[in-house]
Structure formats: C-alpha cells, structure tokens
Amino acid sequence: FIQNLFQGNLGISTYTKRPVLVDIVSYFPATLELVFMSGTLMILIGMPLGILSGKFKNTLIDNIARIISLLGVVTPSFLWAIILMLIFAYWMPILPVSERMDETLDPPKIVTGLLLIDSLLEGNFKVFRDAFAHLILPGLAIAMPAIGNVARLTRTNLSDVYERQYIEFARSYAFSEFKIATKYALKPAAIPTVTIIGLDFAFMLGNAFLVETVFVWPGMAKYGVETILSKDLNGIIATALVITTFFLIINMIVDFVVLLLNPRIVLKN
C-alpha cells in the first residue's frame, strides 16, 4: 500500500468507478478555490474588525465588533450556510446559491482547474464575474467562525500592545496615531494572529464538508462525504491524505511568515 501511495496509485473509487487520483485532480481545485476565497474573507473582514475593536476599546464600535465576532465563533459553518441561503435566495435573491457557475455559460478551458484563474487566462470576464458571485456565499459561510477567531485575537493582542511602555514613548514624541498603529503596534500584535489565521485556513478544508453539501459545490469535501456514505475506502483514504497534506503545507507557510515578522523567535528556539 505504501509503495502504491508514493507512486500515486490510490486505487479505484467504488463511488465514481474511476481512479481515485483522477477524482482528486477533478474535485480538489473547486475546494481549493473555495478555501482561498474563505481565507481572503477571513483576513479582509476579521483583521480590520479586530483592529477597530482594539483601537476603540470599550466603545460602541468595540461592542458591535465583539458581538459580530462572538456570533461568528459560536455558530457553525453549516448553519451560516443555511442562514445565508435564506437571506440571499429567499429574502434578497441577489447571489447564486448552488454550483460553481451558471449552467447556461460555457466553462473556460481547464488549465488550473480554478474557474477564476482559468476564466481570466481565457479573457472571459463574464464567466469570471459569475464564478466570483458563486463563491461569495459558501466562502463567507466557511469563513465566519474564522472571522470571529481572528477578530477576537487581534483585539486582545492589539489591546495588550497599546498598554506597552514603548507605545506611550512614541506618543510622547507626538507621533500620529496612524503611525503608532501601523509601525509600532500592528506588527507585534499580528504574530499570534498570523498563527491563528494559518490554523483556521487549514481547518477550512475540513469545515467545507457540510457547506459544500448545502451549496451543492462539486468539490473535494463533497466528494469526501459521498465516499463516506458509500463506504468507499479508497476515496476516504485519499480525502484524508489530501486534507493532512494541505494542513502540513499551511503550517510550514505560517512558520515562514512568522519568521519574517520576527526572526528572533527562531533564534530563541
């Protein structure tokens, strides 16, 4: 088995009746694109929310940000998926809620398997806009718990940094609050946050299982659910292998980013 594993021979799926490696190549790009969308939303929403909360501690802005982040943390992704579908499919039908793109459009030529990139490479901006719109709701559903985690941790770290003596020293030199925040406060506060961002980003691949099922997203996570239900051992092993490999790669990237932010961490260890 180990020899076959290193040779890329993962057997035949009893669910699709195809080689499992072919299934991985077919389904994984859709999930990877979804996870990248979720990670982008996590950073673009979670970090600014935490920065605002930490900068305006114990104010109305802080209270609103803390409520949003708390709701994100305590509500699972699949429930967010259902809530978002109710809002944007029933009350305000402005975003698509199933599949990767409109079935009336012709898909771009497969180069990477990622619709956004392939459509840009082909110059098909209509497909790009449609694929991007299909990514928003499932991406946000997966990202919501991570947004809450990132916002809460950023707030806590930023609040601690603002109480340090060197921040008061910078203020005594009449530095602007923007300069203090960007040059002296944000970088040390970002190191623990980057670690959590990396872990949450890796966990998103696992959290995508039920979300992909809800949104009928033809990705690796949905494939994993189907292989479990059909007791397809080869498919289950392949899905677990892909998730584990993804998790290890993301952790290596996080360690490298932390090294760039603070080389002394590695020197101390």
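The values are calculated or read from the model by the stated rules, or taken from the named source; none is laboratory data. The structure displayed is predicted, hence computed values, not measured ones. For neighbour counting, all protein chains shown are included, and Cβ atoms are generated from backbone atoms with ideal geometry for every residue, glycine included. What goes into the accessible areas is simple: the full protein's heavy atoms, side chains included, and nothing from ligands, DNA or RNA. Shrake-Rupley method; radii C 1.70, N 1.55, O 1.52, S 1.80 Å.
As I understand it, the dipole of the chain uses +1 on the Cβ of Lys and Arg and -1 on the Cβ of Asp and Glu, about the Cα centre. Which of Thr14, Phe56, Phe128 lies farthest toward its positive end?
Towards the positive end, the residue furthest out is Phe56.
Taking square-rooted eigenvalues a ≥ b ≥ c of the alpha carbon gyration tensor, is the chain rounded, prolate or oblate, where a/c under 1.5 means rounded and, failing that, a/b exceeding b/c means prolate?
Numbers: a/c = 2.23, a/b = 1.62, b/c = 1.37.
Prolate is the answer for the chain, as a/c is 1.5 or above and a/b outweighs b/c.
Counting heavy atoms of the protein chains only and a 1.4 Å probe, report the per residue accessible area for the chain as a whole number of Å². Before the final figure, lay out each step's value.
Working: 14920 Å² over 269 residues.
Averaged over the residues of the chain, the accessible area is 55 Å².
At a Förster radius of 41 Å, what calculated FRET efficiency corresponds to the Cβ-Cβ distance of Leu95 and Ser172, to the nearest 0.05?
Once rounded, the FRET efficiency stands at 0.25.
Scanning the chain for helices, which whole DSSP H stretches are 18 Å or more long along the axis (Cα) and average 0.0 or more by Kyte-Doolittle?
Values: long enough: 20-41 (31 Å, 1.48); 60-74 (21 Å, 1.79); 125-162 (46 Å, 0.63); 186-214 (39 Å, 1.32); 233-261 (42 Å, 2.33).
Those that pass (Cα extent of 18 Å or more, hydropathy at least 0.0) are 20-41, 60-74, 125-162, 186-214, 233-261.
Based on Cβ point charges of +1 for Lys and Arg and -1 for Asp and Glu, what charge dipole magnitude is obtained for the chain about its Cα centre, in debye rounded to the nearest 20?
The dipole of the chain has a size of about 900 debye.
Which of the three applies to region 165-250, rounded, prolate or oblate, going by the alpha-carbon gyration tensor with a ≥ b ≥ c and a/c under 1.5 meaning rounded?
Details: a/c = 6.69, a/b = 3.54, b/c = 1.89.
Since a/c reaches 1.5 and a/b is larger than b/c, the shape of region 165-250 is classed as prolate.
State whether region 109-190 is rounded, prolate or oblate according to the following rule on the C-alpha gyration tensor (a ≥ b ≥ c being the square roots of its eigenvalues): a/c under 1.5 gives rounded; otherwise a/b larger than b/c gives prolate, and the remaining case gives oblate. Intermediate values should be presented prior to the final figure.
Values: a/c = 4.47, a/b = 2.54, b/c = 1.76.
Prolate shape, in that a/c is at least 1.5 and a/b is the bigger ratio.
To the nearest 20 Debye, how big is the dipole of region 1-82 about its Cα centre, given +1 on the beta carbon of each Lys and Arg and -1 on that of each Asp and Glu?
Working: 5 positive and 3 negative charges, 25 e Å.
Computed about the Cα centre, the dipole is about 120 debye.
May I ask you to list the lysines whose Cα is less than 22 Å away from that of Lys17, ignoring any residue fewer than eight positions away on the same chain?
Cross-link targets: Lys222, Lys231.
Which percent of the accessible heavy-atom area of the chain goes to carbon and sulfur, probe 1.4 angstrom?
Working: 10350 of 14920 Å².
Reported share for carbon and sulfur atoms: 69 percent.
Let me spell out the model: positive unit charges on the Cβ of Lys and Arg, negative unit charges on the Cβ of Asp and Glu, origin at the Cα centre of region 123-244. What dipole size does that give, in debye rounded to 20? Before the final figure, lay out the partial values.
Working: 11 positive and 9 negative charges, 71 e Å.
Value, rounded to 20: 340 debye.
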